[in-house]
Structures are given as structure tokens and as C-alpha cells.
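**Student:** Here it is: the structure, laid out below.
The values are calculated or read from the model by the stated rules, or taken from the named source; none is laboratory data. Here the structure is a predicted model, which means the values were calculated and not measured. Cβ coordinates were reconstructed from backbone atoms using ideal geometry, including for glycine residues, and neighbour counts include every protein chain displayed. Side chains included, ligands, DNA and RNA excluded: accessible areas come from the protein's heavy atoms. Shrake-Rupley method; radii C 1.70, N 1.55, O 1.52, S 1.80 Å.
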Amino acid sequence: MKIAFIGLGNMGGPMAMNLQKAGHTLSAFDLSAEACKKFAAEGLPIATSAAATVEGAEVVISMLPASAHVEGLYLGHDGLLERIAPGTLVIDSSTIAAATSRKVAEAAAKRGIAVIDAPVSGGTGGAMAGTLTFMVGGSEADLELARPVLEKMGANIFHAGDAGAGQTAKICNNMLLGILMIGTSEALALGVANGLDPKVLSEIMRRSSGGNWALEKYNPMPGVMETAPASKNYAGGFGTDLMLKDLGLAQENAAAVRASTPLGGMARNLYAAHSLAGHGALDFSSVLKVFQKS
Ligand code: NAD
């Protein structure tokens with residue numbers, strides 16, 4: 001299949017490489033010359049512009065930072081929807097506002113172009129290993145068209161509902177993740193302040209009713225889990241600023257449907273303060289620092 005891939009960042013680059021390894025014909029582009037150079041060196045064909053990637057493409061995939069980038073790419077001045085041939089399938093895997101996904105899908109439908117929102121979970125490790133989880137919004141038929149392509153980048157594919165539903169599922173999950181990391185950090189810091197060994201306390205809670213994903217796989221306390229970002233000075237992983245963006249999307253979404261999300265709001269404010277303290281680039285589990293003596 002001829003695939004246009006736009007956005008070769010931490011996630012998009014390895015995802016595009018997995019599609020190429022699976023035998024698809026890629027044409028890729030990123031606004032950053034550095035990103036293009038990096039993946040050209042790995043053998044990925046780089047086009048001169050986003051518009052050039054979509055010429056003759058059967059599938060177009062985008063993996064961009066936020067709503068404004070996706071809206072600009074498809075609907076902006078000289079937007080890609082004007083260039084993509086009717087009958088093409090567009091898969092946007094960026095984490096953005098559900099409302100933006102719906103806006104792009106509606107405009108595309110008027111031109112005979114199918115769009116699904118397919119944000120992912122699984123981080124950069126999952127992008128490299130091809131084990132991402134896709135949360136898809138769009139029609140069942142379009143998801144089936146996309147499935148063979150998604151399967152080369154991910155291990156789990158869920159149909160969340162109509163256009164925008166993938167984005168809603170993604171921010172519900174990340175709101176819960178952001179909250180549970182704060183709760184886990186708070187509990188561990190309390191135990192340590194009382195002289196408990198964080199490894200022992202982590203194991204007690206992991207096997208008790210407080211057990212959760214952070215205690216299983218992503219302990220925020222340095223030294224407890226060798227493979228977790230906490231034990232690597234919070235490098236790599238999922239950045240505080242990306243978590244902050246997702247919690248902001250959750251709050252926008254909640255306001256639009258008048259839902260009550262008090263813990264999500266509090267979590268957003270805690271990550272915002274943590275980011276303002278200079279920790280925006282650290283993994284989000286560094287929010288533990290908020291509860292520790294500096
Ligand atoms: P990134 O910042 O590393 O990469 C985004 C890339 O998009 C950059 O290289 C940028 O130059 C490029 N770009 C921006 N606008 C463009 C345009 N108009 N045309 C071409 N290229 C353009 O971000 P990332 O970590 O790869 O994340 C991408 C998306 O995936 C985000 O929405 C993020 O929230 C989501 N996500 C990230 C992770 C993670 O662990 N990093 C996990 C799940 C989901």
C-alpha cells in the first residue's frame with residue numbers, strides 16, 4: 001500500500017518505520033528538518049512537503065502534537081483535504097480535541113475522503129515495538145479498511161464509537177492515569193515520611209486494594225523499579241507537559257458536556273504547577289516531587 005506519513009516525532013518516526021518494515025511504500029514528511037534527516041538516515045523516503053506525500057497515496061497518516069497542528073494541516077490555508085484524492089483513507093493518530101477530529105472528519109466526508117481518529121496508548125516503547133493500543137473513532141467500515149495498517153503498528157485495536165470517540169476514550173484513560181499517578185505518589189511519599197521502605201510499601205499496596213498500573217509497571221519512586229523512568233532521573237517515558245495537555249483536553253471536553261471532573265481538574269492544576277517549577281520535560285511520574293522535601 002502507498003502510505004503518506006506526516007509527523008516524524010518520538011511516536012510518528014518509529015510508527016512509520018514499522019510500516020515500511022512491513023512492506024508498505026512510504027512517503028514521509030515532518031516540518032523539522034532534523035526529524036527528516038534522522039529518519040532518512042534510517043531509510044525512510046522523505047518528501048519535500050506534506051502536500052507532496054499525499055500524491056498517489058491510498059492511506060494518509062498524521063501524528064502531530066496538538067489540535068492546532070491537525071486543523072492547520074487538513075483545513076488550513078492550502079490544507080491537505082484539497083489535495084487528497086477522494087476515496088483515500090486518512091488516519092489521524094495525534095491526541096487532540098474530539099471536536100477537532102469531528103470537524104476534520106465532517107469536512108473530509110464532503111469531499112469523499114474517509115477519516116478516522118486513532119489516538120494511541122503505549123508510549124515511545126510501544127511505538128518502536130509495534131505494540132500500541134489504538135482507540136478508534138469513525139465508522140466500522142473505515143476501521144476495517146484501516147485495520148491491516150494499524151495492525152502493523154499496534155497490538156490492540158478498539159472501536160470506541162463515531163468520529164471523535166477515539167479521542168474521548170484516550171483522554172478518559174489519560175485523566176485516570178494522571179490522577180492515579182498523583183494518588184500513588186502521595187501515598188508513597190506519606191509512607192517514606194514515616195520511615196517506611198518504599199520498595200516494601202510499594203509491594204504491600206501492589207498486592208492490596210490500592211494496587212494499580214503505576215505500582216505494577218511504572219513506580220514513581222526512584223530505585224523501586226529499575227526499568228521505570230523514575231530510576232532514570234525521569235528521562236524518557238511520557239512527559240509532564242504531554243500529560244498536562246491531555247488533562248487540559250479532558251477539562252475542555254468535560255465543560256462541553258457539563259460533566260463533573262473535580263479530580264481531573266485538580267490533577268491538571270498539580271501537573272501545571274509541577275511544569276511551572278521547571279519539570280515539564282520530565283516524565284509525568286516526577287509529579288512525586290510535589291510531595292517530597294526539596
Ligand atoms: P513530537 O513532538 O515528538 O512529534 C510531533 C512532530 O510533528 C514533530 O516532529 C513536529 O515537527 C511535527 N509537526 C508538527 N506540525 C507539523 C506539520 N504541520 N507537518 C509536518 N510535521 C509537523 O510528539 P510525539 O511524542 O511524537 O507525539 C505525537 C502525538 O502523540 C501527540 O499528540 C501526543 O500527545 C501523542 N502521544 C504521545 C505519546 C508519547 O509517549 N510521546 C504517547 C501517546 C500519545
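**Student:** Among the residues of the range 76-94, write down those that are open to solvent by 60 Å² or more (accessible area, probe 1.4 Å) and modelled with pLDDT of 95 or more.
**Tutor:** To start, the set of residues in the range 76-94 that are open to solvent by 60 Å² or more (accessible area, probe 1.4 Å) comprises 77-78, 82-83, 86-87.
Matches in the range 76-94: GLU82, ARG83, PRO86, GLY87.
**Student:** Answer with yes or no whether ALA16 is assigned to a helix (DSSP H, G or I), more than 15 Å from the ligand (Cβ to nearest atom) and open to solvent by less than 40 Å² (accessible area, probe 1.4 Å). Before you say what the answer is, go through the steps one by one.
**Tutor:** On the way: assigned to a helix (DSSP H, G or I): yes; more than 15 Å from the ligand (Cβ to nearest atom): no; open to solvent by less than 40 Å² (accessible area, probe 1.4 Å): yes.
The answer is no for ALA16.
**Student:** A follow-up question, please. Search the range 31-42 for residues being open to solvent by 30 Å² or more (accessible area, probe 1.4 Å) and in contact (Cβ under 8 Å) with a residue 24 or more places away in the chain, and hand back the single one that is farthest from LEU64 (Cα to Cα).
**Tutor:** Filtering the range 31-42 down to residues open to solvent by 30 Å² or more (accessible area, probe 1.4 Å) leaves 31-34, 37-38, 40-42.
Right, trim to in contact (Cβ under 8 Å) with a residue 24 or more places away in the chain and you get 32, 38, 42.
Working: SER32: 12, LYS38: 17, GLU42: 20 Å.
If we take residues in the range 31-42 being open to solvent by 30 Å² or more (accessible area, probe 1.4 Å) and in contact (Cβ under 8 Å) with a residue 24 or more places away in the chain, then GLU42 is farthest from LEU64 (Cα to Cα).
**Student:** Hey, could you check the range 211-244 for residues that are over 23 Å from the mean Cα position of the chain (by Cα) and touching a residue at least 24 places away in the same chain (Cβ under 8 Å) and say which is surrounded by the most Cβ atoms within 10 Å (Cβ to Cβ)? I'd like the intermediate steps shown before the answer.
**Tutor:** The first filter runs over the range 211-244 and keeps only residues over 23 Å from the mean Cα position of the chain (by Cα), leaving 211, 221-226.
Going one step further and asking which of them are touching a residue at least 24 places away in the same chain (Cβ under 8 Å), we end up with 221, 223-224.
Working: MET221: 24, GLY223: 11, VAL224: 19.
Ranking the qualifying residues of the range 211-244, first place goes to MET221.
**Student:** Give the number of residues within the range 102-145 that are open to solvent by 40 Å² or more (accessible area, probe 1.4 Å) and farther than 24 Å from ALA228 by Cβ.
**Tutor:** 12
**Student:** Now, a different point. Somewhere in the range 246-261, is a residue among the small types (Gly, Ala, Ser) and closer than 24 Å to ARG206 by Cβ?
**Tutor:** Keep residues of the range 246-261 that are among the small types (Gly, Ala, Ser), which gives 248, 250, 254-256, 259-260.
Those still in the list that are closer than 24 Å to ARG206 by Cβ too: none.
No, the range 246-261 contains no residue that is among the small types (Gly, Ala, Ser) and closer than 24 Å to ARG206 by Cβ.
**Student:** Next question. Please enumerate the residues belonging to the range 25-43 that are farther than 13 Å from ILE61 by Cβ and among the acidic types (Asp, Glu).
**Tutor:** GLU34, GLU42
**Student:** For the structure I just gave you, tell me whether VAL115 is among the hydrophobic types (A, V, I, L, M, F, W, C) and in a helix (DSSP H, G or I). If you could, list the steps in order and put the result at the bottom.
**Tutor:** Values: among the hydrophobic types (A, V, I, L, M, F, W, C): yes; in a helix (DSSP H, G or I): no.
No; evaluated as a whole, the condition is false for this residue.
**Student:** Among the residues of the range 249-268, is there at least one that is aliphatic (A, V, I, L, M), under 17 Å from the mean Cα position of the chain (by Cα) and either modelled with pLDDT of 95 or more or farther than 15 Å from ILE179 by Cβ (or both)?
**Tutor:** First, the residues of the range 249-268 that are aliphatic (A, V, I, L, M): 249-250, 254-257, 259, 263, 266-267.
Next, from what is left, pick out any that are under 17 Å from the mean Cα position of the chain (by Cα): 249-250.
Adding the requirement that they be either modelled with pLDDT of 95 or more or farther than 15 Å from ILE179 by Cβ (or both) leaves 249-250.
Yes, the conditions are met somewhere in the range 249-268.
**Student:** In the range 186-214, what residues are in contact with a helix residue (DSSP H, G or I) (Cβ under 6 Å, 6 or more places away or on another chain), part of a helix (DSSP H, G or I) and under 30 Å from ALA98 (Cα atoms)?
**Tutor:** Within the range 186-214, just ALA214 meets the criteria.
**Student:** Going by the structure shown, is SER294 of a type in the set (S, T, N, Q) and either within 24 Å of GLY126 (Cβ to Cβ) or within 16 Å of the ligand (Cβ to nearest atom) (or both)?
**Tutor:** Working: of a type in the set (S, T, N, Q): yes; either within 24 Å of GLY126 (Cβ to Cβ) or within 16 Å of the ligand (Cβ to nearest atom) (or both): no.
So SER294 does not fit the description; no.
**Student:** Suppose the filter is open to solvent by 10 Å² or more (accessible area, probe 1.4 Å), out of contact with any Asp or Glu (no Cβ under 6 Å at 6 or more places or on another chain) and farther than 24 Å from LEU143 by Cβ; does ALA99 pass it?
**Tutor:** On the way: open to solvent by 10 Å² or more (accessible area, probe 1.4 Å): yes; out of contact with any Asp or Glu (no Cβ under 6 Å at 6 or more places or on another chain): yes; farther than 24 Å from LEU143 by Cβ: no.
Criteria not met by ALA99.
**Student:** Follow-up. Residues of the range 19-59 being out of contact with any Phe, Trp or Tyr (no Cβ under 8 Å at 6 or more places or on another chain) and assigned to a strand (DSSP E or B), which ones?
**Tutor:** Across the range 19-59, the qualifying residues are THR25, VAL59.
**Student:** Return the residues of the range 51-66 that are more than 8 Å from the ligand (Cβ to nearest atom) and among the hydrophobic types (A, V, I, L, M, F, W, C); say none if nothing qualifies.
**Tutor:** Hits for the range 51-66 are ALA51, ALA52, VAL54, ALA57, VAL59, VAL60, ILE61.
**Student:** Sticking with this structure for a sec: Pick out the one residue from THR95, THR124, THR133 that is outside any loop (DSSP other than H, G, I, E, B), among the polar types (S, T, N, Q) and touching a residue at least 40 places away in the same chain (Cβ under 8 Å).
**Tutor:** On the way: THR95 fails: outside any loop (DSSP other than H, G, I, E, B); THR133 fails: touching a residue at least 40 places away in the same chain (Cβ under 8 Å).
Every option except THR124 fails the conditions.
**Student:** Starting from residues that are assigned to a helix (DSSP H, G or I) and free of Cβ contacts under 8 Å to residues at least 60 places away in the same chain, keep the ones in the range 161-176 and report whichever is surrounded by the most Cβ atoms within 10 Å (Cβ to Cβ). Walk me through how you get there before you give the answer.
**Tutor:** Going through the range 161-176, the residues assigned to a helix (DSSP H, G or I) turn out to be 165-176.
Filter once more, keeping what is free of Cβ contacts under 8 Å to residues at least 60 places away in the same chain: 169, 173, 176.
Details: ALA169: 22, ASN173: 16, LEU176: 16.
Filtering first and then ranking leaves ALA169.
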